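**Student:** Have a look at the structure that comes next, please.
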Amino acid sequence: MTDPLIQLPRAKCLAVLFIFLAVFTDQYTKLWGRQHLSPGETLFFLNDIIHVTIVENRGGFLGVVNNLPENIRFFLLYICVAILLLCCILYLFSRKSQSQRYALPLSCVVGGGLSNLLDRIINNGGVYDFISIGFGSFRTGIFNLADLFILTGSFLIGYSMLHRND
């Protein structure tokens with residue numbers, strides 16, 4: 001019997017590898033933050049451009065659904081996210097002639113989404129965020145590597161769609 005991984009096209013094998021790497025790096029950095037940072041402690045890097053401080057986020061990307069009732073948050077952050085991830089995974093692995101153009105960006109989105117969903121399941125609804133980037137008083141909200149994977153993948157998908165005839 002042939003190993004099923006050998007039968008997968010190269011792009012799909014790379015997608016599996018990249019999803020794993022996205023989940024691993026995100027989970028590892030969150031674990032590092034929880035083990036090495038005290039609540040309220042902030043580390044500063046690159047001349048104060050990057051701040052690292054650990055916070056628990058129960059409201060989605062940058063806390064956007066914090067003020068919604070618990071049942072609505074559960075539906076949006078567990079059910080909808082799980083359905084979207086399942087759709088992305090099915091698209092990524094079920095297409096026979098899948099364009100490699102979307103394999104890496106979609107793997108970023110799936111890896112980041114799976115890692116944040118895993119965080120929510122393990123941490124009773126919370127996701128750990130720890131990075132903030134900015135200059136002077138202009139700063140981003142606090143986010144994690146999974147958010148960065150999701151945003152990067154989404155941007156690359158959008159860019160690829162806009163430039164697919166190039």
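Derivation of every value follows stated rules applied to the coordinates shown; laboratory data play no part. Since the model is a prediction, treat every value here as computed from it, not as a measurement. With ideal geometry, Cβ positions are generated from the backbone for all residues, glycine too; neighbour counts draw on all protein chains shown.
**Student:** Please determine, in degrees from 0 to 90 and to the nearest 10, the orientation of helix 10-36 with respect to the longest principal axis defined by the Cα atoms of the chain, where the helix direction is its Cα long axis.
**Tutor:** Taking Cα atoms only, the helix is inclined about 10 degrees.
**Student:** What's the local net charge at residue 116, with K and R +1, D and E -1, over the other residues with C-beta under 14 Å away? Present the calculation step by step, with values, prior to reporting the outcome.
**Tutor:** On the way: positive: 30, 58, 73, 120; negative: 26, 56, 119, 129, 147.
Combined, the nearby Lys, Arg, Asp and Glu give -1.
**Student:** Apply the a/c threshold of 1.5 to the C-alpha gyration tensor of the stretch 98-148 and tell me whether it is rounded, prolate or oblate. If you can, show how the numbers build up before the last one.
**Tutor:** Numbers: a/c = 5.09, a/b = 1.27, b/c = 3.99.
Oblate, because a/c is 1.5 or more while a/b does not exceed b/c.
**Student:** Using Cα atoms only, what is the angle between the long axis of helix 100-122 and the major principal axis of the chain, expressed in degrees (0 to 90) to the nearest 10?
**Tutor:** 50 degrees
**Student:** Here's something else I'd like to know. Over all distinct Cα pairs, what is the inverse of the mean 1/r for the stretch 4-157, reported as the Kirkwood hydrodynamic radius in Å? Walk me through the numbers before you get to the answer.
**Tutor:** Details: mean 1/r = 0.0605 Å⁻¹.
In the stretch 4-157 this quantity evaluates to 16.5 Å.
**Student:** Compute the long axis of helix 81-94 from its Cα atoms, compare it with the longest principal axis of the Cα atoms of the chain, and write down the angle in degrees, 0 to 90, nearest 10.
**Tutor:** Tilt relative to the chain: about 30 degrees.
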